[in-house]
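Asks: One structure coming up, written as structure tokens, with questions to follow.
Every number here is computed from the coordinates shown, using simple stated rules; none is lab data. Since we're looking at a predicted model, the values are computed, not measured. So basically every Cβ, Gly included, is an ideal-geometry build from the backbone, and we count neighbours across all protein chains shown.
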Amino acid sequence: MLSSVLVANRGEIAVRIIRGARELGVRTVAVYSEPDRLAPHVMEADEAYCIGPAASSESYLRGDRIIQVARDVGAEAIHPGYGFLAERASFAREVEEAGLIWIGPRSGTIASMGDKTEARQRMKAAGVPIVPGLVEPVVGVEAALEAAVGIGYPVLLKAAAGGGGKGMRAVNGPDELPRAFEAAQREALGAFGDDAVYLERYLDRPRHIEIQILGDTHGNVVHLGERECSIQRRHQKLVEESPSPVITPELRHAMGTAAVRAAQAVDYVGAGTVEFLFQDGDFFFLEMNTRLQVEHPVTELVTGLDLVAWQLRVASGEALSFEQEDVALSGHAIECRITSEDPFHGFLPSTGVVDHLDLPAGPGVRWDGGIHAGFPVSLHYDPLLGKLITHGKDRGEAIRRMARALDELVVGGVETSAAFHRGVMDEEDFRGGNLSIRYVEEHPELLDGAPSREELRVIALTATLLERLRASSPQATRMGTGDGRTGLSSWQRAVHPWSRR
Ligand code: MV4
């Protein structure tokens, strides 16, 4: 096993990696920006070093400084987490060239999966189903028009260098294509410094389902089942779960073996994710993510495996100790990403000091967090405060536990997304597993914080009853109705400053 690891990240994922490393007796080295000097990842690491001011470009993105710290303090390996430098092939290469161990796939694997047309070529060659369309960038509007006829409208223009939805344009017919082509090229150039675009058939209401894979340096690759990640907004996932409510054992086998073939085609080492679009019973390769993902805990809960521990073992050269047939999925897990955003005002980022924090616990509940009471939330970093994850014997139990855990969670001082998540847990399509990437746009009522007509009716009735009770028995209105912590009645609790429901 490695003796030490530098964690080139912050927030909940840095804490998660430190936890995994500590359990294996691996010395942990944190790096931090000036305002993060008291952050949980700094407090929980064995050592911590400041790498610059608040701006990510001056701190967590400074690969040169991070490698220098690793050398200076004798850290053997670098774990990039997700975001920041995690999928920069050039940084992975610099780490390798510095004689340090990169916790992730080789830099060449990261580079070839970062190029979306190259990824499609390699997946096609490996027999992994891809969305019908081109596997090379298209050279001009004329060629694009010709290709679109072959693919069939509607088509989707995508950036070849891209990912994340930038430079993407849906086109319904040839008349729309020239304008969309120019726009996609311009956006691709702006976002990736490369204006190459290509065409795919446009799927109008797919699910986003991804397969977790794990490979070692001895050529073994296994898959760890799927995650359903359809509930998202503007390419930010909001709720993830495993297993998917629509994946049968047969489909899981087909998608899983396709993902393993995908990984083997690029000699994959470490933890990775193969993303698919799923529509009308068919699945198509979308992208390969060459990192540990935010939503990895749902896979951990249903497989019983510690993915961070396996990343560290694999990076140490250990072989996987189990085979595909040993992977058993048990129960159901759901994750809600708790962010400092106001879901009822367009997910507007909220800043301030977390002045109060009550975390849920109890059966089947896990909190992967990166904050503490007193933590300053700024606009310098992504708004993820922590992830609430529940596990149950089946999907119903996981949902009930999530609803209960969200009721227990109290974050004071900043707005959070928790009330949105609580609404999702009660929503009929979610409860029925009826999901697609359009779920949020198809449920605008979930973004409406104002009370519904029915809720207003109940509030008015309650107020009337309270007035009558107060008139007849002043004592009755002060008894409280079952909140053991505060002794407040439920209506008092509803208006209490800590209540963010
Ligand atoms: C698609 C698609 C429909 N058809 N490709 C969005 C980001 C990029 N990674 C791929 N994306 C999509 N590709 C075809 N041929 C719809 C999306 C898409 C999407 C995919 C996964 C999760 C959320 C999404 C939200 C909007 C669009």
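Asks: So which GluC sites (Glu not before Pro) in segment 210-311 pass both tests, a DSSP loop state and at most 12 other Cβ atoms within 10 Å of the Cβ? Can you show the working numbers first?
Replies: Numbers: sites: 210, 226, 228, 240, 241, 250, 275, 287, 295, 300; in loops: 295.
Here no GluC sites (Glu not before Pro) fit, given the DSSP loop and packing criteria.
Asks: Next up: Sort 366, 16, 234, 468 by Cβ crowding within 10 Å, fewest neighbours at the top.
Replies: Ascending Cβ contact count within 10 Å gives the list 234, 468, 366, 16.
Asks: Read phi for every residue in segment 123-136 and hand back ³J(HN,Hα) as whole Hz from Karplus 6.51 cos²θ - 1.76 cosθ + 1.60, θ = phi - 60°, with x for Gly and Pro.
Replies: Ordered by residue, 3J(HN,Hα) equals 5, 4, 4, 8, x, 8, x, 10, 4, x, x, 7, 10, 9 Hz.
Asks: Going toward the positive end of the dipole of the chain, with +1 on Lys and Arg Cβ and -1 on Asp and Glu Cβ, which of 211, 336, 436 do you reach last?
Replies: Positive-end residue among those listed: 336.
Asks: Can you sort 1, 402 by how many other beta carbons sit within 10 Å, fewest first? It would help to have the intermediate numbers written out before the result.
Replies: On the way: 1 13, 402 28.
Ranked by crowding around the Cβ, least crowded first: 1, 402.
Asks: What's the whole-number percent of alpha carbon pairs in segment 280-400 lying beyond 17 angstrom? All intermediate terms of the calculation are to be shown ahead of the outcome.
Replies: Numbers: 5031 of 7260 pairs.
Considering segment 280-400, 69 percent of its Cα-Cα pairs are separated by more than 17 Å.
Asks: Which Cα, out of 32, 456, 377, lies furthest along the positive dipole direction of the chain (beta carbon charges, K/R +1, D/E -1)?
Replies: The one lying farthest along the dipole's positive direction is 456.
Asks: Set the Förster distance to 51 Å, then compute FRET efficiency between residue 204 and residue 73 from the Cβ-Cβ distance, nearest 0.05.
Replies: Numbers: r = 52 Å, r/R0 = 1.02.
Efficiency for this residue pair is about 0.45.
Asks: How would you rank 421, 356, 208, going from fewest to most other Cβ atoms within 10 Å of each one's own Cβ?
Replies: Working: 421 26, 356 14, 208 22.
So the ranking, lowest neighbour count to highest, is 356, 208, 421.
Asks: So, one more: How much length is gained on full extension from residue 96 to residue 351, taking 0.36 nm per residue of separation minus their Cα-Cα distance?
Replies: Details: separation 255, 0.36 × 255 = 91.80 nm, distance 3.77 nm.
Contour length minus Cα-Cα distance gives 88.0 nm.
Asks: Along segment 378-389, what does the Karplus equation 6.51 cos²θ - 1.76 cosθ + 1.60 (θ = phi - 60°) give for ³J(HN,Hα), rounded to whole Hz, x for Gly and Pro?
Replies: 10, 8, 6, 10, 5, x, 5, 8, x, 10, 9, 10
Asks: Could you check the simple spin-label distance between residue 442 and residue 455, using points 7 Å along Cα→Cβ, in nm with one decimal?
Replies: It works out to 2.3 nm between the two label points.
Asks: Using Cα atoms only, what is the angle between the long axis of helix 11-23 and the major principal axis of the chain, expressed in degrees (0 to 90) to the nearest 10?
Replies: Taking Cα atoms only, the helix is inclined about 80 degrees.
Asks: With a cut-off of at most 13 other beta carbons within 10 Å, and DSSP calling the residue loop, which GluC sites (Glu not before Pro) in segment 318-378 qualify? Please list them. Working shown, then result.
Replies: Values: sites: 318, 323, 325, 335, 341; in loops: 318, 323.
The qualifying sites are 323.
Asks: As an exercise, use a Förster radius of 60 Å and the Cβ-Cβ distance of residue 394 and residue 194 to find the FRET efficiency, rounded to the nearest 0.05. Present the calculation step by step, with values, prior to reporting the outcome.
Replies: Values: r = 46 Å, r/R0 = 0.77.
Step by step, r from the Cβ atoms, then E = 0.85.
Asks: So if each residue of separation counts as 0.36 nm, and I subtract the Cα-Cα distance between residue 175 and residue 470, what length gain in nm does that give?
Replies: Working: separation 295, 0.36 × 295 = 106.20 nm, distance 6.94 nm.
My answer for the length gained is 99.3 nm.
Asks: Would you work out the relative contact order for the chain, in percent, from Cα pairs under 8 angstrom that are 6 or more residues apart?
Replies: Details: 1039 pairs, mean separation 64.6, N = 501.
With pairs under 8 Å counted, the relative contact order is 13 percent.
Asks: Next question, about the same structure. Could you list the chymotrypsin sites (Phe, Trp or Tyr not before Pro) in segment 272-373 that lie in coil according to DSSP, counting only those with at most 16 other Cβ atoms within 10 Å of their Cβ? Mind dumping the intermediate values first?
Replies: On the way: sites: 276, 278, 283, 284, 285, 310, 322, 344, 347, 367; in loops: 322, 347.
Listed in order of number, the matching sites are 322.
Asks: Also, I was wondering about something else. By how many degrees, 0 to 90 and rounded to 10, does the Cα axis of helix 453-472 deviate from the longest principal axis of the chain?
Replies: 20
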